[in-house]
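Notes follow once the structure below has been shown.
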2 protein chains.
Amino acid sequence: MTAAYATLETRFKRLGLVNEAVAMLNWDTAAMMPDGAAAARAEQLAELKVIAHEILADPRLADLMDDAGRDGLDDWQRANLAEMRRLWLHATAVPADLVAAYSRACSECEMAWRKARPANDFAAILPRLQRVLDLTREVAAAKAVKLGVSPYEALLDQFEPGGRIAEIDRLFDHLAERLPALIEGALAAQAARTPSLRPAGPFPVEAQRQAAQQLMARLGFEFDHGRLDQSLHPFCGGTPDDVRITTRYDEADFARALMGVLHETGHALYERGLPAVWRRQPVGEARGMSIHESQSLLIEMQVCRSREFLEFAAPILRECFGGAGPEWEAANLYRLGTRVVRSLIRVDADEVTYPAHVILRYRLERALIAAELELADLPDAWSEGMERLLAVTPPDDRDGCLQDIHWYDGAWGYFPTYTLGAMTAAQLFDAAKRAVPAIPGAIAHGDFAPLLAWLRANVHNLGSRYSARDILVRATGKPLDAAIFEGHLRARYLAA
Amino acid sequence: MTAAYATLETRFKRLGLVNEAVAMLNWDTAAMMPDGAAAARAEQLAELKVIAHEILADPRLADLMDDAGRDGLDDWQRANLAEMRRLWLHATAVPADLVAAYSRACSECEMAWRKARPANDFAAILPRLQRVLDLTREVAAAKAVKLGVSPYEALLDQFEPGGRIAEIDRLFDHLAERLPALIEGALAAQAARTPSLRPAGPFPVEAQRQAAQQLMARLGFEFDHGRLDQSLHPFCGGTPDDVRITTRYDEADFARALMGVLHETGHALYERGLPAVWRRQPVGEARGMSIHESQSLLIEMQVCRSREFLEFAAPILRECFGGAGPEWEAANLYRLGTRVVRSLIRVDADEVTYPAHVILRYRLERALIAAELELADLPDAWSEGMERLLAVTPPDDRDGCLQDIHWYDGAWGYFPTYTLGAMTAAQLFDAAKRAVPAIPGAIAHGDFAPLLAWLRANVHNLGSRYSARDILVRATGKPLDAAIFEGHLRARYLAA
């Protein structure tokens, strides 16, 4: 190991610790902070982010990375150095004045979006969104040169390192071709089955919290290293040693918060399982958003909406909510948890229709970044896409192209990771069950240890040692294969 | 205003923001953090403190301060520059290796103290405490040279900028001479009055929280800029825009948490009232611990244990706790809130006996720093002092010289600020009532606005613009005068 490499580790440890402080303050902002402190908090966060950026932008860093690569690094250290370089490229590819202008444009547009969406006023926000899009294109162009990829891939790389258009097109095209028939078939099969019954509320918040905490703990969430709290927008934040999940309770519907918590628990288990010896080094961090989302969806969709899980969970839910009767039976809870509905809103979509929402956004944002679509034409393009992929037409922009914060907040290149994550989840769970056939039976008894052990060894403990593709090849024998996800959907939704 | 001065403000703003992040993480550590995250949190805090220290230790800072002083500063800017210099002196007076050794010795000794105290084993901790004392002396000597004061005053200056031994001796000697008779007299007067009745619990935590929040809000605590939570050791933390109070509830005794919350509310009102235009500049910070403690004691002791306040609060407490009967009447609550007991433990002491605890510690720590007393002789010196000042003798060291964390944790020079604060509180409240005679009547009606307005104008809004002494002279017409505090004690405790 070179002295230069050791110096780099020291510098990135400082960066990691500053980022941990930022993560805790972000959690506090969402879960604890009184409203009047918002401006002061924004200043604290901005200053810490400037400090973090200065660590990456230090001109001596490039020399250190060049010197560090010359000799004597082991595989993990080499992977760490590669990740350092990737972070450095993203941090330094864009001129400081463009970074500042972009950050300002995004926050102004996001604030305007908070009013434009309920007002259903796309025209009002169009100029600000155009500014965000223009600057996003500039950022993408600057990063594309440094990374040696296309502008859209440069954006994608921020969330999904190494992600490639050709691969995503291949996977999404496979799915998009089959989705209309799949949705049609799932709805037909559903109509032919016993109708699902919805348990009647109200479900007190305290009972919901207890049910959530009980299931989280069973899944492997360590309350000695994390918390469950409330916030307006549920998320998984904090740090690997202190993972903080939030949710929002609806007393009329316990399933919404509960499934959200189980989803975030998947994210939390991944963070908690990242390699502790590489804590606060780039190689010790989560691999990217498709893998991260695969861990939440593996828990929520593959595990917690399975018949096996609901056999185990039904008595716990009956106990927590004082439930009785046919609507509380595992078979009914399974029917409820796997209901398919053609809907307008992505975040409310079920497992079968969700990819249609994502594929639409992916195609639209690629066309917008490539300047093949004008923003003024977005509402029409949105409606056409919804009609084609999902056979529904939004009555207005509020439930159309205004519904998601991503574009308005500058998160271009993020959307595909949701469905890449769903596919990855299906492929990993399939491989886990092949490798450890006892997994489904254990789940039915509330024993998640065999599954968690497999995930720890094959995904969590690897951090960013390998690419997302290589993680999948090592764990499942092949790169991402849309047919496995399709097969999962067919098995779960088209069966009689 | 010089360019050098503007640069200094930018640097100290960064320091202030980093310190705000530290303050929020400290709050989180005490109020929210799961145990398993302690080691990671310690690393986050340590790194942020190193970053803060680097800002102060930057060699260019001294030149900037020299250049900034040359011309064109207004009074606030000059005061700000003086505070910058004070912070810089403290940060750079001690060699880095001594700082590191001291920090390690303190945390090792503190950890050992956590076992030694319950085990009543002063001998076991003696070597570690000796190490802390030795290094404290070295730190004091190094700072004394730079500050041009005595070693003990250099320690005092960390908590009480500009504090002087001669002044404290004069004040404490005045009090110490009169305390034995005062305590005797207060106990005699108490014995001659109607005995106080203790309301019977249990007092549910939720009811206690509601009572506390209601009274906090009435006193002027803005819940839009702060919170009330629970922690093992109650404190007031956070930042001026987000003041976070914690308490610990005892279901058998509501008064303990409640009076603690009201005490912390006094600290909180001070922090919240600091000059917003000087936020994150040294001159915008609280003046020091005697003024800070004066604000908590003014609220807790001068206001909330007064007959007027209890007239107002008694119906609220009856309502919150469903209380009825003579024990819930204002006159009885007043008798309870002003009960005097000769006790062994400082933190449990009442207003009359508390100074005796403090004066003992002040005299002992001065003798220890001056090497006029050996640590091995501390337990005997403690007992003699308790006997002389309070006429009680500790049965063991657990309730003697092992009871307070301060010395074991390196907080030498802190103790006198408690009683300086109590004296300052009496003097400020006396002046406030002279300036605004309507204050006591308003308090009886739960209207704290006249008092708060006076405190804002005469103390809070001044930040560190003036010395503690000058704040007092401007607000009350003279420097600290022990006779005013003595007069308050006589009026409250010796009356029939």
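Read-outs: derived from the displayed coordinates by stated rules, not from any lab. These numbers come from a predicted model, not from an experiment. Virtual Cβ from ideal backbone geometry, glycine too; neighbours counted across all protein chains shown.
In plain terms, the residue of B:TRP278, B:TRP328 with the fewest other Cβ atoms within 10 Å comes first and the most crowded comes last, giving B:TRP328, B:TRP278. Fewest neighbouring Cβ atoms within 10 Å first, the residues A:PHE12, A:PHE223, B:PHE159 line up as A:PHE223, B:PHE159, A:PHE12.
The lysines whose alpha-carbon is closer than 26 Å to the alpha-carbon of A:LYS13, local same-chain residues fewer than 8 away aside, are A:LYS49, A:LYS143, A:LYS146, B:LYS13, B:LYS49.
Rounded to whole Å, give me the distance from the Cα center of the range A:441-482 to that of the range B:303-326. Cα centroid to Cα centroid, the span is 61 Å. Under a 5 Å amide H cut-off, with hydrogens placed 1.01 Å from N, B:GLY238 pairs with B:TRP27, B:ARG244 among residues at least 5 apart or on other chains. Here the range A:138-261 carries DSSP beta bridges of which approximately 45% are antiparallel, counting only pairs with both residues inside.
When only Cα pairs under 8 Å and 6 or more residues apart are kept, what is the percent relative contact order across chain A? Relative contact order comes out at 20 percent.
Counting charges near A:ALA257 (Lys, Arg +1; Asp, Glu -1) among other residues having Cβ under 13 Å from its Cβ returns a value of -4. Between the listed residues A:PHE448, B:HIS225, B:TRP454, the Cα displaced farthest toward the positive end of the dipole of the protein assembly as shown, a dipole computed from Cβ unit charges relative to the Cα centre, is found at A:PHE448. Taking the Cα centre of the protein assembly as shown as reference, the dipole from Cβ charges on Lys and Arg (+1) and Asp and Glu (-1) amounts to some 360 debye. Taking every DSSP beta bridge that has both ends in chain B, the antiparallel portion is near 45%. Label-point spacing for A:ALA457 across the identical copies (point 7 Å from Cα in the Cβ direction), in nm and ascending order: 7.5.
For the range B:93-496, the Cβ-based charge dipole about the Cα centre amounts to some 840 debye (Lys, Arg positive; Asp, Glu negative; other atoms uncharged).
Projecting the Cα atoms of A:MET423, A:VAL261, A:LEU56 onto the charge dipole of chain A (Cβ charges, centred on the Cα centre) puts A:MET423 farthest toward the positive pole. Distance from the axis that maps chain B onto chain A is least for the Cβ of the chain B residue given, with the whole Å value, as B:ALA21, 3. Add +1 for every Lys or Arg and -1 for every Asp or Glu among the other residues with Cβ under 12 Å from the Cβ of B:PRO195, and state the total. Summing Lys/Arg as +1 and Asp/Glu as -1 gives +3. Pairs of Cα atoms nearer than 8 Å and 6+ residues apart set the relative contact order; for the range B:252-369 it is 17 percent.
With r defined as the distance between the Cβ atoms of A:ASN120 and A:GLN230 and R0 fixed at 30 Å, what FRET efficiency is calculated, to the nearest 0.05? Working from the Cβ atoms, E equals 0.55. Farthest towards the positive end of the charge dipole of the protein assembly as shown, among the residues A:TYR414, B:LEU73, A:GLN213, is the Cα of A:GLN213, using unit charges on the Cβ of Lys, Arg, Asp and Glu. Taken along the Cα-to-beta-carbon direction at a fixed 7 Å, the label points for A:GLU251 and B:GLN130 span 6.5 nm. Going from the fewest other Cβ atoms within 10 Å to the most, the residues B:VAL277, A:VAL205 appear in the order B:VAL277, A:VAL205.
With label points defined 7 Å past Cα in the direction of Cβ, position A:HIS406 shows copy-to-copy spacings of 5.9 nm, given to one decimal and shortest first. One Cα centroid belongs to the range B:67-87, the other to the range B:342-412; the line between them spans 40 Å. With both bridge residues required to lie in the protein assembly as shown, what share of the DSSP beta bridges run antiparallel, to the nearest 5%? For the protein assembly as shown, the DSSP antiparallel bridge percentage is about 45.
Once C-alpha pairs closer than 8 Å and six or more residues apart are averaged by separation and normalised to the residue number of the range A:3-92, the relative contact order reads 44 percent.
Model label points for A:GLU108 and B:ARG60, set 7 angstrom from Cα along the Cα-to-Cβ axis, are 3.1 nm apart. Each other copy holds its own label point for A:PHE223; taking that point as 7 Å from Cα along Cα to Cβ, the gaps run 2.6 nm, nearest first. Taking the helices alone, chain B has a mean residue ellipticity at 222 nm of -21000 deg cm²/dmol, built from -39,500 (n - 2.57) per DSSP H run of at least 4 residues and averaged over all its residues.
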